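The structure appears right after this line, and notes come after that.
The values are calculated or read from the model by the stated rules, or taken from the named source; none is laboratory data. These numbers were taken from a predicted model, which means no experiment stands behind them. For neighbour counting, all protein chains shown are included, and Cβ atoms are generated from backbone atoms with ideal geometry for every residue, glycine included. The protein model used for the area step is the full one, side chains on, heavy atoms only, and it has no ligands, DNA or RNA in it. Shrake-Rupley method; radii C 1.70, N 1.55, O 1.52, S 1.80 Å.
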Amino acid sequence: MKNVALLISGGGSNMVALARDMTGDHPGRPKLVLSNVPQAGGLLKASALRIPTAVVDHRDHVGRLSFEDAINAELTAAKIDVICLAGFMRILTSEFTHRWQGRMLNIHPSLLPKYKGLHTHARALEAGDTEHGASVHLVTGDLDDGPVLGQARLSVRADDSAASLAERLLPLEHRLYPAVLRRFLTDDPTPVLIDARD
Ligand code: GRF
């Protein structure tokens, strides 16, 4: 059984989807929800799911290494094996990503390798893309750049805004990330491909 930490900065809807899926014969269990934001709504959701939580506020630390040392202390204390970044909005140093290389996943709201970084929905709309989506990937030292383990794809509609696109994509993320984590933890390399195009 693998101990999974879920790192969040906000509402944590992906965290909830992942936590709810880790039951029964699933090879993982959610053992910690950690946020860099003390008021993150996801912390309340984690508590409601009886998952231990921790806050490591980046504003309490001078420099990234001190912040990441504090995170690693929480992960070590919880005997974490695998990290799922789920709306975690801090950039991690290469020291941290190297330490967790091969054991840390992230969900990014674009069809990687397109649109690494922020504002992905707006960028897809500006580019006139006819489809968009989300990707779950292994985290490496380069931002939003590691091997893609699964993708969910949907059609962009003429009347879509960045907000409506994000809203229609989120439920697909909640299907994608749990499916990828299951395969990842059972060493099944088959990519997860969810096609929800109109
Ligand atoms: C999602 O759009 C996800 O793709 C991105 O940040 C958002 C997280 O939402 N990583 P939530 O906090 O999981 O609800």
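Once both labels are modelled 7 Å past Cα along the beta-carbon direction, what's the Arg20-Ala196 spacing in nm?
1.3 nm
Where the accessible area of the chain is counted over protein heavy atoms with a 1.4 Å probe, how much of it, in %, is carbon and sulfur?
Numbers: 5140 of 9540 Å².
Here it works out to 54 percent.
List the extent of the Cα atoms of segment 128-180 along each of their three principal axes, largest first, rounded to whole Å.
36, 23, 16
Output the 0 to 90 degree angle, nearest 10, between the alpha-carbon long axis of helix 64-77 and the longest principal axis computed from the alpha carbons of the chain.
Taking the Cα atoms of the chain, the angle to 64-77 is about 70 degrees.
Rank these by accessible area, largest first, 1.4 Å probe: Met89, Met15. Don't skip to the answer; put the middle values down first.
Working: Met89 125, Met15 0 Å².
These residues rank, largest area first, as Met89, Met15.
Any idea what the relative contact order of segment 1-100 is, in percent, if you count C-alpha pairs under 8 Å spaced at least 6 apart?
Details: 169 pairs, mean separation 36.7, N = 100.
Relative CO of segment 1-100 lands at 37 percent.
For Thr186, put the label point 7 Å out on the Cα→Cβ axis and report which residues of segment 70-114 keep their amide N under 14 Å from it.
Once the point is set 7 Å along Cα→Cβ of Thr186, nothing inside segment 70-114 turns out to lie under 14 Å by backbone N.
Calculate, in whole percent, how much of the Cα-Cα pair population of segment 53-167 lies beyond 20 Å.
On the way: 3141 of 6555 pairs.
Result for the distance tail: 48 percent.
Using 19 Å as the cut-off for backbone N distance, which residues of segment 87-106 belong to the label zone defined by a point 7 Å from the Cα of Ala78 along Cα→Cβ?
It comes to 87-93, 96-106, nothing else.
What trypsin sites (Lys or Arg not before Pro) in segment 22-64 are in a loop by DSSP, with at most 11 other Cβ atoms within 10 Å of the Cβ?
Working: sites: Lys31, Lys45, Arg50, Arg59, Arg64; in loops: Arg50.
Answer by residue number: Arg50.
If you project the alpha carbons of segment 98-147 onto the principal axes, what extent comes out on each, in Å, largest first?
38, 14, 12
Just how far, in whole angstrom, is segment 99-157 from segment 28-48 if you go by their alpha carbon centroids?
Each part reduced to its Cα centre gives a spacing of 23 Å.
Given that compact globular proteins tend to follow 2.2 N^0.38 Å, what is the ratio of the alpha-carbon Rg of segment 1-100 to that value?
On the way: Rg = 12.8 Å, N = 100, 2.2 N^0.38 = 12.7 Å.
With N residues counted in segment 1-100, Rg over 2.2 N^0.38 Å equals 1.01.
Compute the distribution of all C-alpha to C-alpha distances in the chain, in bins of 10 Å from 0, and list the percent of pairs in each, rounded to whole numbers.
Pair shares across the bins are 9, 37, 37, 15, 2.
Please compute the length gained on full extension between Arg99 and Asp159, using 0.36 nm multiplied by the number of residues separating them and subtracting their Cα-Cα distance. The partial results should precede the final answer.
Values: separation 60, 0.36 × 60 = 21.60 nm, distance 4.37 nm.
Extra length from Arg99 to Asp159 when fully extended: 17.2 nm.
Pull out the extension gain between Gln39 and Leu170, defined as 0.36 nm times the separation in residues minus the alpha carbon to alpha carbon distance; nm, one decimal.
In short, 45.0 nm is gained.
Where only protein heavy atoms count, and the probe is 1.4 Å, what is the accessible area per residue for the chain in Å²? Write out the running numbers ahead of the final one.
On the way: 9540 Å² over 198 residues.
For the chain, the per-residue accessible area is 48 Å².
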